[in-house]
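Shown next, in structure tokens, is the structure this report addresses.
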């Protein structure tokens, strides 16, 4: 018998071999993809309070924008934090919060689990650079585009680690460092600090940008309010049926990423759902969700297990697993179609077109800084942007 409780379903499926199945389409995508590694090295001291919110509120926006290039970027993201006393002095007050991964739910989880409390800490830029350059799992693929966004403020020459030596190490490893100086207020110490931030960027092939902490605005125009999208999101998540050793954990991570997106505003949840409906994410889901597996392989016959209904699923009585999964798939498709009616048409393409303009106003907004930087680096390194026709 198959038993369900609350929102989490636990399945045992006899065909464990399906976990290792890979479709021809996936293989073709993998062959045409090109590695892109991006590490955000974040100053988490009191002078940049609010930076974590900036990064996590805009994460799905910038991920979706990277998907608009060819060859397909095989994007991995990593997070390094520095300047917090709790990271301990022996490390130079630096900590790897998330190593490079293409599992963006894990990245989201690491950012939202990070304490927002303000800590006084030493801004040892050299130490932060050393950890970023030498301790992260950078791609060894010779075609990989490797980028660091060093975001913070303060003097770059504090501490025992020489930042210039780290610039040399970055160049040896073909790592581009872009620096983003955070202006906390109009009256700040930028004039005394900025020379070093410019030097780091220019010596590693990057660019230096300015941004204001806690200055945010929606990047996309959405048709639905947050409450509406959030309600549909909950209904959609009730259709998932995890299987395998890690299925329940994967479901939890997905739900947490969705719920965290719901804490911000409709544009952020829209961007999260936009990625969630992508082929890339679906190819991850079928490895742990039996409903997605059935969607990808409709001819698969499931074991004739029995299910007990719960209040979140309209099925009543004892039914076969086959019928149960098919009913959930039908319900999911219906909910997904409804959600997508709220998706604004062509918004990603609009942004892509606007950022290509020479007079595009960054307005000291972090997300605009990031997507413009991505765009320039992608073109410079052989990527081509998708056109409106490519997206049809």
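Every number here is computed from the coordinates shown, using simple stated rules; none is lab data. Keep in mind the model is a prediction, meaning the values are calculated, not measured. Here the Cβ is made from the backbone with ideal geometry for all residues, glycine too, and neighbour counts use every protein chain on show.
Observations, loosely collected:
- Estimated FRET transfer efficiency when R0 is 41 angstrom, pair residue 174-residue 248 (beta carbons, to 0.05): 0.55
- Each residue, residue 333 and residue 198, gets one label point 7 Å from its Cα in the Cβ direction; the gap between the two is 5.9 nm.
- As a length-normalised measure over Cα pairs under 8 Å and 6 or more apart, the relative contact order of region 221-272 settles at 52 percent.
- In this label model, residue 299 and residue 350 are separated by 4.3 nm, measuring between points 7 Å along each Cα→Cβ vector.
- FRET efficiency, 1/(1 + (r/R0)^6) with R0 45 Å, evaluated for residue 342 and residue 191 via beta carbons: 0.45
- Nearest-0.05 FRET efficiency for residue 214 and residue 361, computed from C-beta distance (R0 25 Å): 0.85
- Among 336-345, 193-202, sorting by the average number of other beta carbon atoms lying within 10 angstrom of each residue, highest first, gives 193-202, 336-345.
- Neighbour-count ranking [beta-carbon atoms within 10 angstrom, fewest first] of 32, 90, 262: 90, 32, 262
- Contact order, relative form, for region 241-305: 35 percent (alpha carbon pairs under 8 Å, 6 or more residues apart, mean separation divided by residue count).
- Per-residue packing, averaged as other Cβ atoms within 10 Å, sorts the ranges 267-274, 280-287 into the order 267-274, 280-287, beginning with the highest.
- Among 47-60, 203-216, the order from most to least packed when residues are scored by Cβ within 10 Å on average: 47-60, 203-216
- Model label zone, residue 120; criterion: amide N under 18 Å from point 7 Å along Cα-to-beta-carbon; scope region 152-169: 154-155, 159
- Annotation: the antiparallel percentage among DSSP beta bridges lying fully within region 24-168 is about 20.
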